[in-house]
C-alpha cells in the first residue's frame, strides 16, 4: 500500500501525490472516497497536490569540474585522455554519464557539500 494522502498538521494541508489527485477527481472512485474521508476528518485543511521536482545530484557539474576531479584521482593521465576524446566526439550528457560511472564519489559528495553551503553543518 502506498501513502497517497498525507496530513500535514504544521501547514494544515491534506497533501496528495499527483497520480492520486488525478484519480480522486473522478466521482465514486476509491481515491475520491478516501479524499472525501480526509476532508471530513480535517474540514479546515486545504487540499494540495505535491509536485516532486527532479533533483539533480550533478547540478553544477561542468567540464572544468570533471577535469579537475579526474586530475586529482587515480589513473588521471589515462582517464583525462578518454575524457578529452569524449568531449570532442560526444554530447555533454554522454561525457557526464561516463564521468559519473567512473567517479561515483564525485556525485555522492554533492549532498554533503550542499548541506555545508546552506549552513546545515552537522558532525
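Being free of Cβ contacts under 8 Å to residues at least 40 places away in the same chain, surrounded by fewer than 15 Cβ atoms within 10 Å (Cβ to Cβ) and touching a helix residue (DSSP H, G or I) at 6+ places or on another chain (Cβ under 9 Å) is the requirement here; does residue 78 meet it? Show your work before the answer.
Values: free of Cβ contacts under 8 Å to residues at least 40 places away in the same chain: yes; surrounded by fewer than 15 Cβ atoms within 10 Å (Cβ to Cβ): yes; touching a helix residue (DSSP H, G or I) at 6+ places or on another chain (Cβ under 9 Å): no.
No, not satisfied.
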For this session: Considering only residues that are in contact with a helix residue (DSSP H, G or I) (Cβ under 9 Å, 6 or more places away or on another chain), assigned to a loop (DSSP other than H, G, I, E, B) and surrounded by 13 or more Cβ atoms within 10 Å (Cβ to Cβ), look in the stretch 30-63 and name the one that is modelled with the lowest pLDDT.
Result: 57
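The values are calculated or read from the model by the stated rules, or taken from the named source; none is laboratory data. Bear in mind that the values here come from a model prediction, so they are computed numbers and not experimental data. Here the Cβ is made from the backbone with ideal geometry for all residues, glycine too, and neighbour counts use every protein chain on show.
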